[in-house]
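*Asks:* Once you've had a glance at the structure underneath, I'll fire off some questions.
The values are calculated or read from the model by the stated rules, or taken from the named source; none is laboratory data. Keep in mind that this is a model prediction, so the values were computed, not measured. Glycine gets a Cβ as well: all are built from the backbone with ideal geometry, and neighbour counts include every protein chain shown.
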Amino acid sequence: MFTGIITDIGTIRSHEQRGDLRLVIGSAYDMDGVAIGASIACSGACLTVVEKGDDWFAVDLSAETVARTAPGLWREGGRLNLERALKVGDELGGHIVTGHVDGIGHLVSAVREGDSTRLTIKAPADLAAALAAKGSITLDGISLTVNSVDDQADGSVHFGLNIIPHTATATTLDALPEGRTFNLEIDVLARYLDRMQSLRNRSM
């Protein structure tokens, strides 16, 4: 489990397609305290540390993980939002995050509002029912509050987020090129409610 509070920005130093995709990620974490087999959320995807050095760790991504995460995210030189797994007694500063990517979001617009940036993100139709104003969303591993929801004619949804300067500088949201995609994880409560509703509808 994670909280969506980013504690480091890692850089992909190398990627190698073996049976799976092996990434070596540079990090400022004290690697003496990171065990082999530990879970680290990398831009919202929970990955397992399989090797480590003084200032890096390695993870393996299956073809399934690559296919279900944002296109181009795992390129060499790319930056990743990092968060170590939650420990019992840690402050829960964001919301409960599992590190399982539910879908891919697409940047619609990024507009300055005062010192902050207003993002509009397009989410796929199968996530639309799980998004609500003032609810929680994880965007590339970052716990954020949904400010607005605008359902689209094709079943997709545009949702708005307000990114304050601290969030932008502490994460990879400082760079928002046109066409950027994001890993999305809906709130865990919304996931279970959606499942319950689908079973209820099926039985009617």
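*Asks:* Looking at this structure, is residue 72 surrounded by 20 or more Cβ atoms within 10 Å (Cβ to Cβ) and of a type in the set (Gly, Ala, Ser)?
*Replies:* no
*Asks:* Anything in the stretch 136-188 that is among the polar types (S, T, N, Q) and closer than 17 Å to residue 104 by Cβ? List them, or say none.
*Replies:* 138, 152, 156, 172, 181, 183
*Asks:* Next question. In the stretch 14-55, what residues are exposed (fewer than 14 other Cβ atoms within 10 Å of the Cβ) and touching a residue at least 60 places away in the same chain (Cβ under 8 Å)?
*Replies:* Correct list: 14 only.
*Asks:* Pick from 80, 107, 127: which is buried (at least 16 other Cβ atoms within 10 Å of the Cβ), assigned by TED's automatic domain parsing to the domain that holds residue 37 and either more than 13 Å from residue 181 (Cβ to Cβ) or in contact with a Ser or Thr (Cβ under 9 Å, 6 or more places away or on another chain) (or both)? Steps first, please.
*Replies:* Working: 107 fails: assigned by TED's automatic domain parsing to the domain that holds residue 37; 127 fails: assigned by TED's automatic domain parsing to the domain that holds residue 37.
Among 80, 107, 127, only 80 is buried (at least 16 other Cβ atoms within 10 Å of the Cβ), assigned by TED's automatic domain parsing to the domain that holds residue 37 and either more than 13 Å from residue 181 (Cβ to Cβ) or in contact with a Ser or Thr (Cβ under 9 Å, 6 or more places away or on another chain) (or both).
*Asks:* Scan the stretch 145-169 and report the pairs whose first residue is surrounded by 13 or more Cβ atoms within 10 Å (Cβ to Cβ) and whose second residue is of a type in the set (Phe, Trp, Tyr) and at pLDDT 95 or above, with Cβ atoms within less than 6 Å and a gap of 6+ or a chain change.
*Replies:* 146/159; 149/159
*Asks:* Checking the structure you have, find out if any residue of the stretch 106-113 is of a type in the set (S, T, N, Q), assigned to a loop (DSSP other than H, G, I, E, B) and more than 13 Å from the chain's Cα centre (by Cα).
*Replies:* No, the stretch 106-113 contains no residue that is of a type in the set (S, T, N, Q), assigned to a loop (DSSP other than H, G, I, E, B) and more than 13 Å from the chain's Cα centre (by Cα).
*Asks:* Can you name every residue in the stretch 18-32 that is in a strand (DSSP E or B) and either closer than 14 Å to residue 53 by Cα or at pLDDT below 95 (or both)?
*Replies:* Of everything in the stretch 18-32, those that are in a strand (DSSP E or B) and either closer than 14 Å to residue 53 by Cα or at pLDDT below 95 (or both) turn out to be 23, 24, 25, 26.
*Asks:* State all residues of the stretch 39-55 that are outside any strand (DSSP E or B) and within 25 Å of residue 144 (Cα to Cα); if no residue qualifies, say none.
*Replies:* Listed by number, the residues that qualify are 43, 44.
*Asks:* Would you mind stating whether residue 58 is at pLDDT 95 or above, buried (at least 18 other Cβ atoms within 10 Å of the Cβ) and over 23 Å from residue 180 (Cα atoms)?
*Replies:* So residue 58 passes the test.
*Asks:* Residue 58 - would you say it is within 18 Å of residue 17 (Cβ to Cβ), over 15 Å from the mean Cα position of the chain (by Cα) and assigned to a strand (DSSP E or B)?
*Replies:* Taking the combined requirement at face value, the residue satisfies it.
*Asks:* Provide a single number: the residues in the stretch 83-94 that are more than 30 Å from residue 179 (Cβ to Cβ) and either surrounded by 15 or more Cβ atoms within 10 Å (Cβ to Cβ) or at pLDDT 95 or above (or both). Show your work before the answer.
*Replies:* As a first pass, look at the stretch 83-94 and keep what is more than 30 Å from residue 179 (Cβ to Cβ): 84-93.
Restricting the remaining residues to those that are either surrounded by 15 or more Cβ atoms within 10 Å (Cβ to Cβ) or at pLDDT 95 or above (or both) gives 84, 86.
Of the residues in that region, 2 qualify.
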